[in-house]
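For reference, the structure is listed below as structure tokens.
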Amino acid sequence: MNELATTNNRDLVLRSFNDDLYSRYIAFIDAKPKTIETYTRALKQFFKYTQQHGITNPTREDVIAYREYLKGTCKATTVQNYIIALRQFFKWTEQEGLYKNVAQNIKGADISKEHKKDYLTGKQVKIVMSEIQQSDSITAKRDYAIFSLMITGGLRTIEVVRANVEDMRPLGESTVLYLQGKGKDERASFVKLPEQVEKAIRDYLRCRGQLKGNQPLFASTSNNNHNGRVTTRTISGIVKEHLRAAGFDSDRLTAHSLRHTAANLNLRNGGTLEETQQLLRHTNITTTMIYIKSIEREDNPSESRIANLIF
């Protein structure tokens, strides 16, 4: 490797995260927009920290102190993402001969593998869906179709947003919806649409009139984006609104809770681990196993068994 830059050059690099350096780094990682956004936010936060603390030549100890600072102000997932971004950045600066890698092997945060969102029971799902059906408006039909799809197929909000009319098509004896998942560039996976879900979607689509195949499956009803593609924020708001209206107002119940609900309902009603992995489109089955462990712990009667012996 070439000899590292001089101290003066290193000072310049770390005092000013200039456009040229940023562009070079982003071009190097060749990342998707969401990753670029995260890395930009993470690196700007670090450089702000170094400026506030008068640090011109960051050391390994400075990076560790920065991590501890983040732990006191951010969620564990944010700390983890920021430190990962920092490790990658300093790995690159060393490769480019700009600055030594002072973040090598520094750990982020200890993140629990337990799910951070709650899920609904089958009875609670019926209550929410009944609440949505109280109106016969096109908005209610859309919301009912979205909720039905997410609860049976375990869809992520981004998968709902990206869905087009033409993505719903027959496959064998089933009607399926092809999905462009998180971090994916094409629609390679699909979910089967139960008869009730397909009917709900088609009832909604009929209300929208004649549609082209490349139009969004679910459209916005807002004044500033009427008939345009809904956003992930819109989907989250729709789900949250109906959860609250049905009496389930909790910070731990969100749009992502519907994905957890799909997994739990499937596993508790005869679905296998492998079937649930396919349903949720998990690349690694160990991710799906978290649901099994959660159910096993939930059903574990140990505390009551001990209490019955004592009291």
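FYI, it's all coordinate maths here, none of it is from the lab. Predicted model only: the values in this text are computed from it and were never measured. Because the Cβ atoms are built from the backbone with ideal geometry, glycine has one as well, and the counts that use them run over all protein chains shown.
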Subject >> Nearby lysines by direct alpha-carbon distance to residue 107 (threshold 22 angstrom, same-chain neighbours under 8 apart not counted) >> reply: 44, 48, 71, 75, 91, 116
Original post:
So who's got an amide H within less than 5 Å of the one on residue 96, skipping anything under 5 residues away but keeping other chains? H placed 1.01 Å off N, in plane.
Top reply: none
**OP:** For residue 118 paired with residue 41, estimate the spin-label separation in nm (one decimal), with each label point 7 Å from Cα along the Cα-to-Cβ line.
**Re:** 2.6 nm
Original post:
Among 77, 40, which comes first, then next, by fewest other beta-carbon atoms within 10 Å?
Top reply: 77, 40
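With a 10 Å Cβ neighbour count serving as the proxy for reagent exposure, in which order, fewest first, do 207, 74 appear?
Numbers: 207 12, 74 15.
Result, fewest neighbours first: 207, 74.
Restricting attention to region 124-189, which GluC sites (Glu not before Pro) occupy a DSSP loop and are surrounded by at most 16 other Cβ atoms within 10 Å?
Values: sites: 131, 159, 166, 173, 186; in loops: 173, 186.
Passing both the DSSP loop test and the Cβ count: 173, 186.
Ranked by Cβ crowding within 10 angstrom, fewest neighbours first, how are 29, 310 ordered? Walk me through the numbers before you get to the answer.
Values: 29 14, 310 5.
The most exposed by this proxy come first: 310, 29.
Mind checking the full-extension length gain between residue 298 and residue 56? Use 0.36 nm per residue of separation minus the Cα-Cα distance, one decimal, nm. Before the final figure, lay out each step's value.
On the way: separation 242, 0.36 × 242 = 87.12 nm, distance 5.10 nm.
This chain segment gains 82.0 nm when fully extended.
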Original post:
Spin-label point model (7 Å from Cα, Cβ direction): what's the residue 71 to residue 252 distance in nm?
Top reply: 2.4 nm
Original post:
For residue 187, which sequence-distant residues (separation of 5 or more, or a different chain) have an amide H within less than 5 Å of its own amide H, given hydrogens modelled in the peptide plane?
Top reply: none
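Name the shape class, rounded, prolate or oblate, that the alpha-carbon gyration tensor gives for region 206-278, where a ≥ b ≥ c are the square roots of its eigenvalues, rounded holds for a/c under 1.5, and otherwise prolate holds if a/b is larger than b/c and oblate otherwise. Show your work: numbers first, answer last.
Details: a/c = 2.88, a/b = 1.50, b/c = 1.92.
It is oblate, given that a/c is not under 1.5 and a/b is not larger than b/c.
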**OP:** Using only Cα atoms, find the angle between the long axis of helix 285-299 and the longest principal axis of the chain, and express it within 0 to 90 degrees, rounded to the nearest 10.
**Re:** 60 degrees
Subject >> Inter-probe distance in nm under a simple model that places probes 7 Å from Cα toward Cβ, at residue 275 and residue 236 >> reply: 3.2 nm
**OP:** Tabulate in residue order the Karplus-calculated ³J(HN,Hα) for region 46-53, using 6.51 cos²θ - 1.76 cosθ + 1.60 with θ = phi - 60°, rounded to whole Hz; enter x for Gly and Pro.
**Re:** 5, 5, 5, 5, 5, 5, 5, 9
Subject >> Ordering of 58-65, 301-308 by burial proxy (mean other Cβ atoms within 10 Å per residue, highest first) >> reply: 58-65, 301-308
Original post:
Taking the Cα centre of the chain as the origin, how large is its charge dipole in debye, to the nearest 20, when only Lys and Arg (+1) and Asp and Glu (-1) carry charge on their Cβ atoms?
Top reply: 320 debye
Original post:
Counting only residues 5 or more places away or on other chains, whose amide H sits under 5 Å from the amide H of residue 175 once H atoms are built in the peptide plane?
Top reply: 193
**OP:** Evaluate E = 1/(1 + (r/R0)^6) for residue 307 and residue 224, where r is the Cβ-Cβ distance and R0 equals 51 Å; express this FRET efficiency to the nearest 0.05.
**Re:** 0.35
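Note the count of lysine pairs whose C-alpha atoms are less than 18 angstrom apart in region 122-299, limited to pairs 8 or more residues apart or on different chains. Mind showing how you got there, number by number?
Details: 123/240; 126/141; 126/199; 126/240; 141/199; 141/240.
Lysine pairs satisfying the spacing and distance rule in region 122-299 number 6.
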